[in-house]
Amino acid sequence: MKTIYQILLPCLLLAGIVACENETKICDQTLRTELRIAFKKKPDNFNRIRDTVLPKVTLFAIDQGKNRDSIFKKAPLSSVFLPLSPVADSSIFFLQVDSTAVPDTLTFRYTRSKHFISPGCGFGTYFFLDTMLATKHRIDSIAFNSKSVINSNDTHLTFFFAE
Amino acid sequence: MIRILLFSLLSSILTGITVQAQNKPAVIKDTLHKPAADTLRKKGIDTTATAAVKAKDSTYFLPGGIRVGVDLSRIITAIYYPYRKEFTAVADVRLKSDLYGAVEAGYTNTPYSDDNYTYKGSGVFITLGVDYNFMKRLYPSEKNMFYGGIRYGFSHLTYEVPSYKITSPYWGGNLTGSVPKTNVNAHWVELVLGLKAEVLKNFFLGWSLRERILLNNIKTDEFTPLVMPGFGSGSKKSIFDMQYTVSYVFPLYKIKVHVKEKKEKEKKIPKR
């Protein structure tokens, strides 16, 4: 009888170690809380809304008058993700939907709150949109879907284009 | 998740094997302790001379005591997970032939730091409950156990995040801050299934599987503690864990067990 115990005890001990996982080593949740904007065609005569792919989208942030690196450069897109700045209460973006189109400027004002994502990922930021200002050179109209940017799965804003 | 499932499957198979192994020789059991029962009862027969039929009642004693031990699995967790510095002491006391009152207590220290944040946590816990031995004894003094148990657990934790950093690869720059000292209490229910084997006189080795279910919410909007003392991960609502204990029983008293005469035999008497 004792031999059975002697075999079982180390086996279970080993299995027990394997069953555990070190939470500080894994960051499986998406760390990014980015603002997602979907592009749609302006409602037609029958009030139907259709997704649209804009052929050459260029997007970058403007930080204190300086252009930052491009997030997208002449890419065909139906939606874009905007990384709002976690170190300031507003972010300005430059959006050009076509290489020949007049660019639009998007200004976001928001409040931030820190948020613990997981032991492996550490802290992140939740954004709550306050106001949004946009020039309407190519954008026809804007709709808010969600003002709280707490993950990258939602569509937070929808831009309607005339063409 | 798959790992945990595999582990529980494996352990349940292994447990099944041991239970079978334990049960097989149980047939011998009755023959072994019958003579002892009869000799004890003889005195009774002498005093009650009127009883013409042999009385089947018997009384015998089981070794009782306080068992004290430590959980060795916490040493292994501390090696594998450097941020989990834990100590758990276990104790149980025999209340009835198969019922034990059980208590576990310990403390946890959780120092952790990486590129994103530093964390300090420390706290204590206690669990109280009972264990019930399912295994039939081969002989009255056998102390090996296959048991199931239930516990109520309580722990108190103090944690703080002295510094954290939120970085933005796109915008550049860091946002730093801290979370002040926070106290949090946790309550949980714990289900236990395990074995204890007497490997040397009064010296036991044992393992047990544990399922802990948290009863209150310990997360806040700001932070989730990394480790809750005695419970485990602070971000989970239920935890599967195991324990590997070495313990020593202090045989302080004996438990009197009274075996009543079987009723079937009583019925036979008036028929005569």
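Across bins of 10 angstrom width beginning at 0, how are the C-alpha pair distances of the stretch A:76-147 distributed, in whole percent?
16, 43, 28, 11, 2
How much length would be gained if the chain were fully extended between B:Tyr253 and B:Lys219, taking 0.36 nm per residue of separation minus their Cα-Cα distance, in nm to one decimal?
Working: separation 34, 0.36 × 34 = 12.24 nm, distance 4.55 nm.
Computed gain between B:Tyr253 and B:Lys219 is 7.7 nm.
How much of the calculated P(r) for the stretch B:62-256 lies past 28 Å, in percent of all Cα pairs? It would help to have the intermediate numbers written out before the result.
On the way: 6776 of 18915 pairs.
Every Cα pair in the stretch B:62-256 considered, those over 28 Å come to 36 percent.
Gain in length, A:Ser113 to A:Ile92, computed as 0.36 nm per residue apart minus the alpha-carbon separation, to one decimal in nm?
Numbers: separation 21, 0.36 × 21 = 7.56 nm, distance 1.93 nm.
Between A:Ser113 and A:Ile92, full extension yields an extra 5.6 nm.
For A:Lys25 paired with B:Ile76, estimate the spin-label separation in nm (one decimal), with each label point 7 Å from Cα along the Cα-to-Cβ line.
So the label points at A:Lys25 and B:Ile76 sit 1.6 nm apart.
Greater than 19 Å separation of Cα atoms is the criterion. Which listed pairs, B:Lys96/B:Lys143; B:Lys85/B:Lys219; B:Lys85/B:Lys237, meet it?
Details: B:Lys96/B:Lys143 13 Å; B:Lys85/B:Lys219 21 Å; B:Lys85/B:Lys237 21 Å.
Result: B:Lys85/B:Lys219; B:Lys85/B:Lys237 exceed 19 Å.
Can you check what the net charge comes to around A:Gly122, using other residues whose Cβ is under 11 Å from the Cβ of A:Gly122 (Lys, Arg +1; Asp, Glu -1)? Could the numbers behind the result be given before it?
Working: positive: A:Lys114, B:Lys165; negative: B:Asp114, B:Asp115.
Net charge around A:Gly122: 0.
Modelling each spin label as a point 7 Å along the Cα-to-Cβ direction, I'd like the B:Ser141/B:Trp171 distance in nm, to one decimal.
Result: 7.5 nm between the two label points.
On alpha carbon coordinates alone, what is the Rg over Rh value for the stretch A:26-161, Rh being the Kirkwood radius? Present the calculation step by step, with values, prior to reporting the outcome.
On the way: Rg = 15.5 Å, Rh = 15.7 Å.
Ratio of gyration radius to Kirkwood radius: 0.99.
Would you mind ranking B:Met135, B:Met242 so that the residue whose beta carbon has the fewest other beta carbons within 10 Å leads the list? Write out the running numbers ahead of the final one.
Details: B:Met135 18, B:Met242 21.
In increasing order of surrounding Cβ atoms, one gets B:Met135, B:Met242.
FYI, it's all coordinate maths here, none of it is from the lab. Predicted model, so just to flag it, every value in this text is computed and none were measured. Glycine gets a Cβ as well: all are built from the backbone with ideal geometry, and neighbour counts include every protein chain shown.
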